[in-house]
Amino acid sequence: MAGVTLKAVHKSYGKVHAVRGVDLEIPDRAFTVLVGPSGCGKSTMLRMIAGLEEISAGTIAIGERVVNDVRPKDRDVAMVFQNYALYPHMSVFDNVAFGLRMRKTPEKEVKRRVGEAAELLGIGELLERQPKQLSGGQRQRVAMGRALVRDAKVYLFDEPLSNLDAQLRDEMRTEIKRLHQELKRTMIYVTHDQVEAMTLADRIVLLRAGVIEQEGKPLELYERPQSRFVAGFIGSPSMNFVPVALAKTNDGLGVQLPGGATLPVPPQRASGLGGRSQILLGIRPEHLHHQRGVEVPGGFGKLRVTVEVVEPTGANTLINFHLGPNSLIVRLDGYSSAQPGDQLDLLVDMNRAVLIDPETERVL
Ligand code: ADP
């Protein structure tokens, strides 16, 4: 087992500077997810760790050993790809065993390890089948078996679930998490899907245009994003953003929303705003609530909106509305009988709102 350390790592493909000076400590035995929009450099980082891509500058170490010049097969990493190409003419057993046999592992040991991996992945019944006799989810399990059967220091996953349909993806996500809990190996997982990142990761590394925008525990990124980009990327539906003016009120400081409402800025948060007159207010859809009585709890503001689109999801109801030109969304618990055109009274949890400098896009 080992952690992975990247120091000032760069990667250029000709003129494309894909990874721009990344310093990163990936902890031993943890589940680390590299996430970010398409093209941000996450696959490149994973492939550099695997040794499938040369690095342009910097160092990568697996455990104590700098591996810049170590060939992929000598790095002690195992990788699961998005396109899990199984050998079509080989049985599941032979597919899983392939890497071990290439390494001249004694056949008795091959049997033992394939058996263990098959048990872990629930594919024990399928070992005699050929890939074409498997469902998509079963094939993905076999592909994972091929990686897990190896006694590697680090396991790398490159969007392994993106070819599966939504339900299967959810199931496999749970399985991967369970696997990590059982095996406690160092796993590094690449995805563009923030839900996958949030649910799987011990640590999230959020990349943007080849640099790390923020890293931390999933709930740290959710609760304390450092920039508008992180605030908008993490969470589903995405955070609402509204440009607001700051104004003095009878009780202290407030933000004036387009459309006229004023919401209180909690006193402990006002000091960070400096002398600004305009900021960007970020509010998560789940931090807006339907006001049922007349009371307004401390730290909350009131807002009356006109319902535009209602989207019931079963457990929640998503309601779209506008504040001036800005389209917003609120997630209400449970079923809502609201109809388009209705007036809806909302409470805004200003303790959990995010206050952003509109110029730097950093959180204040
Ligand atoms: P991600 O995995 O985040 O979608 P990648 O790491 O695949 O992003 O790519 C990062 C950037 O590097 C992109 O701009 C991509 O077009 C470019 N890139 C990736 N691989 C190559 C390559 N082999 N040749 C040229 N450009 C590449």
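Inter-label distance, GLN82 to ASP151: 3.4 nm, where each label sits 7 Å from its Cα along the C-beta direction. In this structure, GLN339 and VAL195 have a Cβ-Cβ separation that, at R0 = 25 Å, corresponds to a calculated FRET efficiency of about 0.30. Close amide H pairs (under 5 Å, H built 1.01 Å from N) link ASP76 with no residue at least 5 positions away or on another chain. In whole Hz, what ³J(HN,Hα) sequence does the range 350-364 give by Karplus (6.51, -1.76, 1.60; θ = phi - 60°), x for Gly and Pro? Here the 3J(HN,Hα) series is 6, 5, 9, 5, 10, 10, 10, 6, x, 7, 7, 6, 8, 6, 7 Hz. Summary value for the chain: 16 percent relative contact order, contacts being C-alpha pairs under 8 angstrom separated by 6+ residues. Sorted on the mean count of surrounding Cβ atoms within 10 Å across their residues, most packed first, peptides 302-310, 136-144 read 136-144, 302-310.
Database remark: amide H of VAL67 closer than 5 angstrom to the amide H of ILE60, ALA61, ILE62 (H placed geometrically; neighbours at sequence offset of 5 or more, or on other chains; Pro and chain starts carry no H).
In terms of the mean number of neighbouring beta-carbon atoms within 10 Å, the peptides 189-200, 251-262 order highest first as 189-200, 251-262. Among 203-210, 86-93, 27-34, sorting by the average number of other beta carbon atoms lying within 10 angstrom of each residue, highest first, gives 203-210, 27-34, 86-93.
Here the Karplus relation 6.51 cos²θ - 1.76 cosθ + 1.60, evaluated at θ = phi - 60°, turns the backbone of the range 71-86 into coupling constants of 5, x, 6, 9, 8, 6, 10, 10, 10, 10, 9, 5, 9, 6, 5, 8 Hz, with x for every Gly and Pro. Placing a pseudo-label 7 Å from each Cα along the Cα-to-Cβ vector at ARG304 and LYS132 gives an inter-label distance of 6.8 nm. Computed about its Cα centre, the charge dipole of the chain is approximately 980 debye, with only Lys, Arg, Asp and Glu carrying charge at their Cβ. Annotation: amide H-H contacts under 5 Å for GLU213 (H modelled 1.01 Å from N, sequence separation of 5 or more, or interchain): LEU206, LEU207, ARG208.
Using a 7 Å offset from Cα along Cα-Cβ at ASP202, what residues in the range 1-41 end up with backbone N under 20 Å from the label point? Taking a point 7 Å out along Cα→Cβ of ASP202, the residues of the range 1-41 whose backbone N falls under 20 Å are 1-7, 23-35. A Förster distance of 41 Å, applied to the separation of the beta-carbon atoms of GLU107 and LEU219, puts the FRET efficiency at 0.30.
A viscosity of 1.567 mPa s and a temperature of 4 °C, combined with the Kirkwood radius over C-alpha pairs in the Stokes-Einstein formula, give the range 233-364 a diffusion coefficient of 85 µm²/s. Note on SER238 and ARG71: the model spin-label points, each 7 Å out from Cα along the C-beta direction, lie 4.5 nm apart.
Placing unit charges on the Cβ atoms of the charged side chains and taking the dipole of the range 240-356 about its Cα centre, the candidate lying farthest along the positive direction among THR262, LEU346, LEU273 is LEU273. Distance from the alpha carbon centroid of the range 289-364 to that of the range 202-219 works out to 27 angstrom. Using the Cβ-Cβ distance between GLN167 and ASP23 with R0 = 41 Å, the FRET efficiency computed as 1/(1 + (r/R0)^6) comes to roughly 0.60. Working note: Debye formula, equal point scatterers on the alpha-carbon atoms of the range 4-233, no solvent; log10 I(q)/I(0) at q = 0.12, 0.18 Å⁻¹ is -0.66, -1.37.
Note that the range 147-152 has calculated 3J(HN,Hα) couplings of 7, 6, 5, 7, 8, 8 Hz, one per residue in order, obtained from phi through the Karplus relation 6.51 cos²θ - 1.76 cosθ + 1.60 (θ = phi - 60°); glycine and proline are x.
Values in this text are rule-based calculations from the coordinates and carry no lab data. Small disclaimer: the values here were computed from a predicted structure and weren't measured. Positions of Cβ are generated from backbone atoms using ideal geometry, with glycine treated the same way; all protein chains shown enter the neighbour counts.
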